[in-house]
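Below is one structure, written out as structure tokens; the observations come after it.
FYI, it's all coordinate maths here, none of it is from the lab. For clarity, every value in this text was computed on a predicted model and none was experimentally measured. Glycine gets a Cβ as well: all are built from the backbone with ideal geometry, and neighbour counts include every protein chain shown.
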Amino acid sequence: MEQAFKDKVVIVTGGAHGIGRCIAEEFSKAGAHVEVIDIRPGNHYVGDISKKEVLEAFAAEVIERHGKVDVIVNNALPLMKGIDECTYEEFQYALSVGVTAPFYLVKLLKEHLSQGASIVNISSSRDRMSMPQTESYTAAKGGIAALTHALAVSLAGKARVNSISPGWIDTDYTVYDGPDATQQPAGRVGNPMDIASMVLFLCSDKASFITGENICIDGGMTKLMIYHAEHGWTLNDK
């Protein structure tokens, strides 16, 4: 996909590390002008996307610099805390980062989207399954998955909107063996390139008939039935 996005303007939220950084780097390699916003310090726009004024200032800077946007990747990571410890304010913050900010960023840039623009929202396989004490993160990821098809309908004819739900993605590219790997139908733990490759595909002309979809990339784990004492699985009650 070398130079497939030459001179395209790409926004990646949370693009300074992990999956977001990999996505930003792959778009850069493909010739795009990549604008990253992240709360972490670095050589990018530094800001907290839970704040309305930060999003407005960032959007204005991107438009002043480029005059258009071809791709928006809403990737920034919400807070993960559970019902026992998560405060009202923390839950609201998670939703602000994970749902409100993606909505408002698209709203701010809607009139500047190029014809045939693409938006990709990064959800999580937790949008359909859960572990204990993850309510703030799970609610945010479920929200952005639903926001995806709503935006796809509202932006019909203007932009395609899809979401990706990653499973276990090791951002350090650790290679696991033993049960960590073999429990997964794909036989391994995922890495950021597994997600970045799909993002670039969804934003390409090859995916021009795909919109409103949520694609789960989790090595098959959400399709794996687990019952105590079957196929080697054992529940250790505490």
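Worth a mention:
- Entries in K68/K206; K52/K107; K52/K81 that, when Cα-Cα distance is taken, lie over 19 Å: K68/K206; K52/K81
- Cα-Cα P(r), region 162-224, percent of pairs per 5 Å interval: 4, 18, 25, 21, 15, 10, 5, 1
- Degrees between helix 52-66 axis and first principal axis of the chain (Cα, 0 to 90, nearest 10): 50 degrees
- Residues whose amide H falls under 5 Å from that of G167, counting only those 5 or more places apart or on a different chain, are S125, I217, D218, with hydrogens built in the peptide plane.
- Positive-end residue, region 9-223 charge dipole about Cα centroid, Cβ charges, pick of Y93, Y176, V36: V36
- Potential extension, I215-K29 segment - 0.36 nm per residue separation minus Cα distance: 64.6 nm
- In plain terms, the chain from F201 to W168 could stretch by 9.8 nm, reckoned as 0.36 nm per residue minus the Cα-Cα distance.
- Principal axis box of region 28-86, alpha-carbon based, largest edge first, Å: 45, 27, 21
- Gyration tensor analysis over the Cα atoms of region 1-120 returns equivalent ellipsoid semi-axes of 26, 16, 12 Å (largest first, whole Å).
- Annotation for region 177-204 versus region 100-135: alpha-carbon center distance of 20 Å.
- Rg(Cα) / (2.2 N^0.38 Å) computed for region 90-238, rounded to two decimals: 1.18
- Acute angle (nearest 10 degrees) that the helix 18-29 long axis makes with the longest principal axis of the chain, alpha-carbon atoms: 40 degrees
- Approximate spin-label separation V46-T87, in nm, with each point projected 7 Å along Cα-to-Cβ: 2.5 nm
- Backbone HN-Hα couplings from phi across region 87-92 [Karplus 6.51/-1.76/1.60, Hz, Gly and Pro as x]: 7, 4, 5, 5, 5, 4
- If the segment from H112 to D177 were pulled out straight at 0.36 nm per residue, it would be longer than the present Cα-Cα gap by 18.7 nm.
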